[in-house]
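To start, the structure itself, in structure tokens.
The values are calculated or read from the model by the stated rules, or taken from the named source; none is laboratory data. Just so you know, these numbers come straight off a predicted model, no measurement behind them. All Cβ positions, even for glycine, are placed from backbone atoms using ideal geometry, and neighbour counts span all protein chains on display.
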Amino acid sequence: MTCRVKVCGLRRPGDAEAAVVAGAHYLGMVFAPSPRRVTEEEAREVCRIATASQPVAVFVDESPQEILRLKDRIGFTTAQLHGSESPSDCELLREGGLRVWKALRPRSRTDLVRLWKHWESETEVVLVDAWSPAARGGTGTTFPHGWLSDLRMTPPNGGQGHPSRPAGEPTDPGRKASLALAGGLTPDNVAAAIKTGNPAIVDVSSGVEVAPGVKDPSLIMAFVQAVGAIGPAGAPGTVGAVEK
């Protein structure tokens, strides 16, 4: 399975178009307080452009009811949760028709293992981001990819895709989450991060910007090409959820 790309923090139509042209699989929009925070109008435009990509809406401690209200008004298909949301919140969102990603910001490898074991069966994707006291994401802080290097992974659903879901996302209630990796990724370091951490998805924001919320099309293209040059992500049986 080839590693997939999410470009996050999109606000401007031209940036969203550049991500689609480059081949990004997911377009991320931040609804939490941030220099990259979108308005509803901006988010609707990103979703309109995302004809060949999945629109992902990023929230921090927003109620499931408000997320579902925004989903109906805007049209995103995935909610990425960066706060203290619960498994029951995730289930309410799935019942409302959304895919759910849960972001973790571990402060140690022990913390990462504990959090992964808690969330691997509760959500479609677990996104591991770098810890920073400055913000919940988009800080450019690099995650210690070595924490992932000796974690054994198993592919969800035997590594087989599903027609109604993007490749790499599990579908059954007993799901084992796919791994997404964020935190300080750039065109220059993403290949090494994939080789070390073996994620199903890589998530970039500040690493393809010239200013907060202002993307550089050439950096987006370079990032996607760097990921594509890796080819299939890792060896068989090494992408997905941590082995018990």
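Can you report the number of residues in the stretch 2-13 which are part of a helix (DSSP H, G or I) and at pLDDT below 95? Even if it seems obvious, please write down each step before you answer.
Going through the stretch 2-13, the residues part of a helix (DSSP H, G or I) turn out to be 13.
Then keep just the ones that are at pLDDT below 95; that gives none.
Counting residues in the stretch 2-13 that are part of a helix (DSSP H, G or I) and at pLDDT below 95 gives 0.
Which one is nearest to the chain's Cα centre (by Cα) among residues in the stretch 24-41 that are of a type outside the set (A, V, I, L, M, F, W, C) and farther than 13 Å from residue 213 by Cα? Break it down into steps so the answer makes sense when it comes.
Within the stretch 24-41, the first condition is being of a type outside the set (A, V, I, L, M, F, W, C), and the residues that meet it are 25-26, 28, 33-37, 39-41.
In the following step, the residues that additionally are farther than 13 Å from residue 213 by Cα were identified as 25-26, 40-41.
Working: 25: 10, 26: 8, 40: 20, 41: 22 Å.
Taking the candidates together, the pick is 26.
Consider the stretch 1-14. How many of its residues are within 23 Å of residue 60 (Cα to Cα) and either crowded, with 19+ Cβ neighbours inside 10 Å or aromatic (Phe, Trp, Tyr) (or both)? Don't jump to the end; show me each part of the working.
Our first condition is that a residue be within 23 Å of residue 60 (Cα to Cα); within the stretch 1-14, this holds for 5-12.
From what's left, either crowded, with 19+ Cβ neighbours inside 10 Å or aromatic (Phe, Trp, Tyr) (or both): 5-11.
The total comes to 7.
Out of the residues in the stretch 19-59 that are in a helix (DSSP H, G or I) and of a type in the set (Val, Ile, Thr), which is surrounded by the fewest Cβ atoms within 10 Å (Cβ to Cβ)? Give the derivation first.
Step one: of the stretch 19-59, the residues in a helix (DSSP H, G or I) are 19-22, 40-49.
Of the ones still in play, those that are also of a type in the set (Val, Ile, Thr) are 20-21, 46, 49.
Details: 20: 19, 21: 13, 46: 28, 49: 20.
That would be 21.
Name the single residue that is surrounded by the fewest Cβ atoms within 10 Å (Cβ to Cβ) among those in the stretch 180-212 being over 17 Å from residue 144 (Cβ atoms) and either among the basic types (Lys, Arg) or touching a Ser or Thr at 6+ places or on another chain (Cβ under 8 Å) (or both).
Within the stretch 180-212, the match that is surrounded by the fewest Cβ atoms within 10 Å (Cβ to Cβ) is 212.
Under 6 Å by Cβ, and 6 or more places apart or on different chains, what pairs join a residue from the stretch 76-92 that is under 18 Å from residue 115 (Cβ atoms) with one that is part of a helix (DSSP H, G or I)?
Between residues of the stretch 76-92 that are under 18 Å from residue 115 (Cβ atoms) and residues that are part of a helix (DSSP H, G or I), the close pairs are 89/64.
Scan the stretch 195-223 and report the pairs whose first residue is without any contact (Cβ under 8 Å) to a residue 40 or more places away in the chain and whose second residue is assigned to a loop (DSSP other than H, G, I, E, B) and of a type in the set (A, V, I, L, M, F, W, C), with Cβ atoms within less than 9 Å and a gap of 6+ or a chain change.
Matching pairs, first to second residue: 195/230.
Test residue 41 against the criterion of being free of Cβ contacts under 8 Å to residues at least 24 places away in the same chain and among the charged types (D, E, K, R), and give yes or no. Full working, then the answer.
Details: free of Cβ contacts under 8 Å to residues at least 24 places away in the same chain: yes; among the charged types (D, E, K, R): yes.
It is true that residue 41 is free of Cβ contacts under 8 Å to residues at least 24 places away in the same chain and among the charged types (D, E, K, R).
Just to be sure, is residue 16 among the small types (Gly, Ala, Ser), within 21 Å of residue 182 (Cα to Cα) and either more than 17 Å from the chain's Cα centre (by Cα) or in a strand (DSSP E or B) (or both)?
Numbers: among the small types (Gly, Ala, Ser): yes; within 21 Å of residue 182 (Cα to Cα): yes; either more than 17 Å from the chain's Cα centre (by Cα) or in a strand (DSSP E or B) (or both): no.
No, not satisfied.
Residues to consider are 132, 84, 88, 121; find the one that is among the hydroxyl-bearing types (Ser, Thr, Tyr), at pLDDT 95 or above and either more than 27 Å from residue 48 (Cα to Cα) or assigned to a strand (DSSP E or B) (or both). Give the derivation first.
Working: 132 fails: at pLDDT 95 or above; 84 fails: at pLDDT 95 or above; 121 fails: at pLDDT 95 or above.
Result: 88 is the single residue among 132, 84, 88, 121 that is among the hydroxyl-bearing types (Ser, Thr, Tyr), at pLDDT 95 or above and either more than 27 Å from residue 48 (Cα to Cα) or assigned to a strand (DSSP E or B) (or both).
Restricting to the stretch 92-118, name every residue that is closer than 19 Å to residue 200 by Cα and either touching a strand residue (DSSP E or B) at 6+ places or on another chain (Cβ under 6 Å) or part of a loop (DSSP other than H, G, I, E, B) (or both).
Scanning the stretch 92-118 gives 99, 100, 101, 102, 103, 104, 105, 106, 115, 116.
Residues that are β-branched (Val, Ile, Thr), modelled with pLDDT of 95 or more and touching a helix residue (DSSP H, G or I) at 6+ places or on another chain (Cβ under 9 Å): list the strands (runs of 3 or more DSSP E) wholly contained in the stretch 152-230 that include at least 2 such residues. So that I can check it myself, show each step before the final result.
Numbers: elements: 178-181, 201-204, 209-211.
The qualifying strands (runs of 3 or more DSSP E) are 201-204.
In the stretch 103-125, what count of residues is obtained for those that are under 24 Å from residue 190 (Cα atoms), under 18 Å from the mean Cα position of the chain (by Cα) and without any contact (Cβ under 8 Å) to a residue 60 or more places away in the chain?
Filtering the stretch 103-125 for residues under 24 Å from residue 190 (Cα atoms) gives 103-113, 115-116, 120, 124-125.
Subsequent filtering for residues that are under 18 Å from the mean Cα position of the chain (by Cα) retains 103-106, 112, 115-116, 120, 124-125.
Right, trim to without any contact (Cβ under 8 Å) to a residue 60 or more places away in the chain and you get 104-106, 112, 115, 124.
Residues flagged as under 24 Å from residue 190 (Cα atoms), under 18 Å from the mean Cα position of the chain (by Cα) and without any contact (Cβ under 8 Å) to a residue 60 or more places away in the chain within the stretch 103-125 amount to 6.
Can you name every residue in the stretch 173-221 that is of a type in the set (Ser, Thr, Tyr) and under 21 Å from residue 116 (Cβ atoms)?
Restricting attention to the stretch 173-221, the residues satisfying the condition of being of a type in the set (Ser, Thr, Tyr) are 178, 186, 196, 205-206, 218.
178, 196, listed by residue number.
Looking only at the stretch 70-85, decide whether some residue is among the small types (Gly, Ala, Ser) and either under 16 Å from residue 182 (Cα atoms) or crowded, with 21+ Cβ neighbours inside 10 Å (or both). Steps first, answer last, please.
Residues of the stretch 70-85 among the small types (Gly, Ala, Ser): 75, 79, 83-84.
Adding the requirement that they be either under 16 Å from residue 182 (Cα atoms) or crowded, with 21+ Cβ neighbours inside 10 Å (or both) leaves 79, 83.
Scanning the stretch 70-85, I find at least one residue that is among the small types (Gly, Ala, Ser) and either under 16 Å from residue 182 (Cα atoms) or crowded, with 21+ Cβ neighbours inside 10 Å (or both), so the answer is yes.
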